[in-house]
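> Here it is, the structure in full.
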Protein chains: 2
Amino acid sequence: EVSTIDSKSSHRTHTFPGLVNVAAFIPGLALPNSKDFIEATRASIGAGFTTSIVIPQAQDNAIVDRATLEVAKANIQGSAYCNFALSLSATADNVQLFDEELIAEARALFIPFRIANKPIPLSAVAAHFSSWPAEKPIITDAKGSDLASLLLLASLHNRTIHVTDVQNADDILLISLSKAKSLKVTCDVSVYSLFFTQEQFPSATFLPSPEDQNALWTKLKMIDAFSVGSLPFKLASENGSPASGMEEALPLLLTAVIEGRLSLQDITIRLHDNPVQIFGLPEQAQTHVEVTLGRKARFGLRVSSCWSPLEQALVSGTIHRVIFHGQTSFLDGSLSPVPMGKDVSSATISHVPAVAVPTSAPSDNLAS
Amino acid sequence: EVSTIDSKSSHRTHTFPGLVNVAAFIPGLALPNSKDFIEATRASIGAGFTTSIVIPQAQDNAIVDRATLEVAKANIQGSAYCNFALSLSATADNVQLFDEELIAEARALFIPFRIANKPIPLSAVAAHFSSWPAEKPIITDAKGSDLASLLLLASLHNRTIHVTDVQNADDILLISLSKAKSLKVTCDVSVYSLFFTQEQFPSATFLPSPEDQNALWTKLKMIDAFSVGSLPFKLASENGSPASGMEEALPLLLTAVIEGRLSLQDITIRLHDNPVQIFGLPEQAQTHVEVTLGRKARFGLRVSSCWSPLEQALVSGTIHRVIFHGQTSFLDGSLSPVPMGKDVSSATISHVPAVAVPTSAPSDNLAS
Ligand SMILES: [Zn+2]
Ligand SMILES: [Zn+2]
Ligand SMILES: [Zn+2]
Ligand SMILES: [Zn+2]
Ligand SMILES: [Zn+2]
Ligand SMILES: [Zn+2]
Ligand SMILES: [Zn+2]
Ligand SMILES: [Zn+2]
């Protein structure tokens with residue numbers, strides 16, 4: 001296990017535990033016979049994310065009941081390259097459809113910001129808060145005053161809530177105030193929100209303004225997790241794929257480490273420790289991500305072939321190897337053909353704060 | 001003092017304590033040389049409202065700083081027919097303008113729903129919450145998710161908040177949930193919202209839908225106060241005046257008593273007891289409102305001559321006499337020409353729950 005001091009210029013490699021993407025966006029998630037889910041898990045493992053928490057709200061489709069959950073499960077059946085967890089998405093009228101069995105198969109309840117630009121009526125959201133079991137997380141991507149509504153409901157129902165894809169100064173202020181008053185709120189920021197702005201991509205109004213991005217960096221202590229989310233897919237527009245943004249995440253974050261804006265521990269906390277805690281995920285034994293950092297290289301060596309905002313850019317971090325359940329799943333750009341991911345949707349683990357587990361060094365061969 | 005049993009058909013007169021309009025809308029409030037403020041207090045006393053809490057957000061003008069407060073005060077100087085209290089309206093950038101002296105002269109801080117259809121930035125609202133003194137009320141007319149934001153901020157700052165002009169089922173639900181969790185929130189409903197709907201006046205989208213109106217009646221227990229507010233002025237459109245809606249309030253409410261939808265105590269609690277408590281108003285000695293009820297009569301005998309939605313309607317309640325500080329201010333349609341109102345903006349009273357005070361019966365002559 002390599003562990004030289006992070007700030008040393010001699011630092012070349014580092015090993016993370018298996019990382020978690022707390023917001024995996026899969027465009028065709030609940031569309032019958034879509035290969036998107038499989039493609040997303042392939043890109044995920046190659047990017048160092050050994051677990052994906054899937055956003056149940058996809059591109060004009062969503063997991064909202066038994067039928068759509070079964071479609072998503074059929075799409076991935078036996079073919080997942082990383083562990084994954086599925087959730088249910090709230091609608092204005094599906095609270096009665098959530099029976100105990102269905103809830104047991106879901107990792108979390110996702111309350112979307114808006115569906116077709118309309119917020120879910122507050123009474124429906126309140127009904128979901130009342131009936132969703134306390135031990136399972138509630139996630140929302142609500143913004144602005146919709147976020148305030150949800151934080152208020154969470155507070156009134158004494159519920160924890162995880163806010164995904166926080167993007168602006170006002171929202172991070174609300175979350176900071178809520179945390180200061182011991183409201184049980186956690187949040188994640190999309191990696192792209194930390195590195196790309198509307199100013200760089202003027203048509204991408206879904207990216208933060210430079211001021212908002214600055215607020216995210218300033219309030220980094222308030223940010224519990226990093227995610228990939230749906231921004232990379234949106235930014236790629238017609239070139240968007242289920243792999244969009246996955247492979248960019250670690251190189252971007254590692255480059256920020258080299259630039260002194262983040263520490264390696266900042267990454268471990270936000271891509272492993274906190275995600276495992278917040279979502280009650282099972283600890284992945286013998287699962288590690290080995291990275292190389294400090295050597296400038298052109299971004300390009302990629303499993304997926306979708307468009308990237310980093311095309312030809314110089315980055316200071318790359319993924320060398322991913323060990324998944326003791327097997328080498330990814331090595332220097334090549335992926336093992338064996339899908340070894342498991343469905344961890346219904347596993348309920350109550351974690352004590354994470355402790356380091358000693359590991360053996362696996363060989364430099366791909367599992368096959 | 002008359003006090004036969006309310007439900008008896010023989011009941012003909014009742015005496016209320018001096019009533020409070022917790023939301024007096026005065027169109028030209030802070031416009032130099034406007035007579036609106038005087039006219040509003042004349043209409044108010046004739047309508048049984050011996051105290052007006054003035055909304056500082058008027059028609060394209062507002063009390064937002066020292067200069068605008070002085071304009072409003074100059075408009076009413078020595079000419080108030082009822083007691084009144086002035087407040088300050090929050091803007092995106094006036095928190096620094098509120099010095100101790102200015103705050104001391106204001107009854108409350110009003111946080112408008114939107115100014116020119118834009119909400120005040122959350123960071124500015126949070127700054128107002130942090131700096132406004134805890135013993136002075138905060139009022140808002142925010143709706144929907146803006147209301148949720150304000151309730152959340154109130155909860156996070158552990159502050160009481162009064163929501164004025166509640167109009168729909170979702171908002172009353174939010175307030176009910178907040179009260180159930182002992183958040184310190186109170187609210188009022190405009191009298192017009194209880195009696196008029198969008199269905200009756202299709203162009204009046206500011207009135208509740210029949211469904212929303214029904215929710216207000218169903219949740220009457222959650223409603224701490226009734227108000228006149230700005231709805232009557234809006235409904236009257238070009239015929240709107242500072243008197244709009246004042247004289248209609250009691251006849252509408254008393255007719256509902258006769259119809260069995262309200263009790264006289266429901267009115268006393270919401271137009272006297274709770275307003276005095278919520279806004280810490282000084283108790284008005286020897287101040288009473290004598291009403292006649294149960295006899296159907298055409299609405300029409302009015303101090304003001306503005307348009308009314310009750311024009312020629314049959315109502316079952318009228319105001320017989322208003323006693324103000326021991327003097328008859330209003331008698332059977334005629335108003336005393338003597339302005340006897342006082343500025344109670346800065347009086348700070350901490351009330352114990354109201355107790356009945358014995359009174360002497362004043363003579364049937366107008367003060368002059
Ligand atoms: Zn290291
Ligand atoms: Zn782990
Ligand atoms: Zn290791
Ligand atoms: Zn190696
Ligand atoms: Zn009586
Ligand atoms: Zn009183
Ligand atoms: Zn009396
Ligand atoms: Zn009399």
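> Need the failing condition index for B:GLN57 against (1) touching a strand residue (DSSP E or B) at 6+ places or on another chain (Cβ under 7 Å); (2) more than 28 Å from B:LEU271 (Cα to Cα), just the number.
The one condition B:GLN57 does not meet is (2).
> Which residue out of A:LEU177, A:LEU262, A:LEU250, A:LEU216 is over 24 Å from A:GLY333 (Cβ atoms) and within 16 Å of ligand 1 (Cβ to nearest atom)?
Just one listed residue meets the conditions, A:LEU262.
> Something else about it: Being open to solvent by 10 Å² or more (accessible area, probe 1.4 Å) and either touching a helix residue (DSSP H, G or I) at 6+ places or on another chain (Cβ under 7 Å) or at the interface with another protein chain (Cβ under 9 Å from one of its Cβ atoms) (or both) is the filter here, so list the residues in the stretch B:137-148 that pass it.
Matches in the stretch B:137-148: B:PRO137, B:LYS143, B:GLY144, B:SER145, B:ASP146.
> In the stretch A:269-300, what residues are part of a helix (DSSP H, G or I) and farther than 18 Å from A:ILE45 by Cβ?
A:ILE269, A:ARG270, A:ASP273, A:ASN274, A:GLN277, A:ILE278
> Identify all residues within the stretch A:293-322 that are open to solvent by less than 20 Å² (accessible area, probe 1.4 Å) and within 16 Å of ligand 1 (Cβ to nearest atom); write none if there are none.
A:LEU293, A:SER316, A:GLY317, A:ARG321
> Please determine whether any residue of the stretch B:153-166 is farther than 25 Å from A:GLY144 by Cβ, away from chain A (no Cβ under 13 Å) and touching a residue at least 40 places away in the same chain (Cβ under 8 Å).
no
> Working only within the stretch B:231-243, note down all residues that are closer than 19 Å to B:ASP165 by Cβ and out of contact with any Ser or Thr (no Cβ under 8 Å at 6 or more places or on another chain).
Result: B:LYS234, B:SER237, B:GLY240, B:PRO242.
> Within the stretch B:180-209, take every residue that is open to solvent by 10 Å² or more (accessible area, probe 1.4 Å), among the hydrophobic types (A, V, I, L, M, F, W, C) and away from chain A (no Cβ under 14 Å) and give me the one that is farthest from B:VAL166 (Cα to Cα).
It comes out as B:PHE201.
> Determine which single condition B:GLU199 fails, assuming it passes every other condition in (1) free of Cβ contacts under 8 Å to residues at least 40 places away in the same chain; (2) closer than 22 Å to A:ALA148 by Cβ; (3) acidic (Asp, Glu).
(2)
> Given the criteria within 22 Å of A:HIS162 (Cα to Cα) and crowded, with 23+ Cβ neighbours inside 10 Å, does A:THR50 qualify?
Taking the combined requirement at face value, the residue satisfies it.
> Would you point out which residue out of B:ASN21, B:ASN75, B:ASN83 is open to solvent by 10 Å² or more (accessible area, probe 1.4 Å) and at pLDDT 95 or above? Before you say what the answer is, go through the steps one by one.
Details: B:ASN21 fails: open to solvent by 10 Å² or more (accessible area, probe 1.4 Å); B:ASN83 fails: open to solvent by 10 Å² or more (accessible area, probe 1.4 Å).
Being open to solvent by 10 Å² or more (accessible area, probe 1.4 Å) and at pLDDT 95 or above holds for just one of B:ASN21, B:ASN75, B:ASN83, which is B:ASN75.
> Among B:GLY229, B:GLY240, which is the only one that is in contact with a strand residue (DSSP E or B) (Cβ under 9 Å, 6 or more places away or on another chain) and either of a type in the set (Phe, Trp, Tyr) or more than 13 Å from chain A (Cβ to nearest Cβ) (or both)?
Unique residue meeting the criteria: B:GLY229.
> Please go through the stretch A:167-179 and give me each residue that is within 20 Å of B:ASN158 (Cα to Cα) and more than 7 Å from every other protein chain (Cβ to nearest Cβ), ordered by number.
If the condition is that a residue be within 20 Å of B:ASN158 (Cα to Cα) and more than 7 Å from every other protein chain (Cβ to nearest Cβ), then A:ASP171, A:ILE172, A:ILE175, A:SER176, A:LYS179 are the ones that fit.
> Being under 22 Å from A:ASP141 (Cβ atoms), open to solvent by 10 Å² or more (accessible area, probe 1.4 Å) and assigned to a helix (DSSP H, G or I) is true for just one of A:LEU216, A:LEU252. Which residue is that?
A:LEU252
> Could I ask something else about it? Looking at the stretch B:279-291, I want the residues that are free of Cβ contacts under 8 Å to residues at least 24 places away in the same chain and over 9 Å from B:VAL344 (Cβ atoms) and have a partner that is open to solvent by less than 10 Å² (accessible area, probe 1.4 Å) and assigned to a strand (DSSP E or B) with Cβ atoms under 8 Å, at least 6 apart or on another chain. Which pairs are those?
From the stretch B:279-291, no pairs qualify.
> Being of a type in the set (A, V, I, L, M), at pLDDT 95 or above and more than 13 Å from the chain's Cα centre (by Cα) is the filter here, so list the residues in the stretch B:176-222 that pass it.
B:VAL185, B:LEU194, B:ALA204, B:LEU207, B:ALA215, B:LEU216, B:LEU220, B:MET222
> Here is a further query. Need the failing condition index for A:ALA108 against (1) more than 16 Å from A:SER230 (Cβ to Cβ); (2) open to solvent by 20 Å² or more (accessible area, probe 1.4 Å), just the number.
Only one criterion is unmet by A:ALA108, namely (2).
> Hey, any hits in the stretch A:263-281 for a residue that's open to solvent by less than 10 Å² (accessible area, probe 1.4 Å), among the hydrophobic types (A, V, I, L, M, F, W, C), within 13 Å of the chain's Cα centre (by Cα) and over 12 Å from A:PRO17 (Cβ atoms)?
Taking every residue of the stretch A:263-281 in turn, at least one turns out to be open to solvent by less than 10 Å² (accessible area, probe 1.4 Å), among the hydrophobic types (A, V, I, L, M, F, W, C), within 13 Å of the chain's Cα centre (by Cα) and over 12 Å from A:PRO17 (Cβ atoms).
> Just to be sure before I move on: is A:SER131 more than 17 Å from B:LEU152 (Cβ to Cβ), more than 14 Å from every other protein chain (Cβ to nearest Cβ), among the small types (Gly, Ala, Ser) and open to solvent by 10 Å² or more (accessible area, probe 1.4 Å) in the structure I sent? Before the answer, list the steps.
Working: more than 17 Å from B:LEU152 (Cβ to Cβ): yes; more than 14 Å from every other protein chain (Cβ to nearest Cβ): yes; among the small types (Gly, Ala, Ser): yes; open to solvent by 10 Å² or more (accessible area, probe 1.4 Å): yes.
Spelling it out, A:SER131 is indeed more than 17 Å from B:LEU152 (Cβ to Cβ), more than 14 Å from every other protein chain (Cβ to nearest Cβ), among the small types (Gly, Ala, Ser) and open to solvent by 10 Å² or more (accessible area, probe 1.4 Å).
> Looking at the stretch A:98-119, which of the residues that are closer than 23 Å to B:LEU177 by Cβ and in contact with a helix residue (DSSP H, G or I) (Cβ under 8 Å, 6 or more places away or on another chain) is nearest to the other protein chains (Cβ to nearest Cβ)?
Taking the candidates together, the pick is A:PRO119.
> I need the full set of residues from the stretch A:329-347 which are in contact with a Lys or Arg (Cβ under 6 Å, 6 or more places away or on another chain) and not hydrophobic (A, V, I, L, M, F, W, C), in order please.
The one that is in contact with a Lys or Arg (Cβ under 6 Å, 6 or more places away or on another chain) and not hydrophobic (A, V, I, L, M, F, W, C): A:SER345.
The values are calculated or read from the model by the stated rules, or taken from the named source; none is laboratory data. Given the structure is predicted, the values throughout are model-derived calculations rather than measurements. Every residue, glycine as well, gets a Cβ built from its backbone with ideal geometry; the counts of neighbours run over all protein chains shown. Remember, those area values only see protein heavy atoms, side chains included, never the ligands or the DNA or RNA. Shrake-Rupley method; radii C 1.70, N 1.55, O 1.52, S 1.80 Å.
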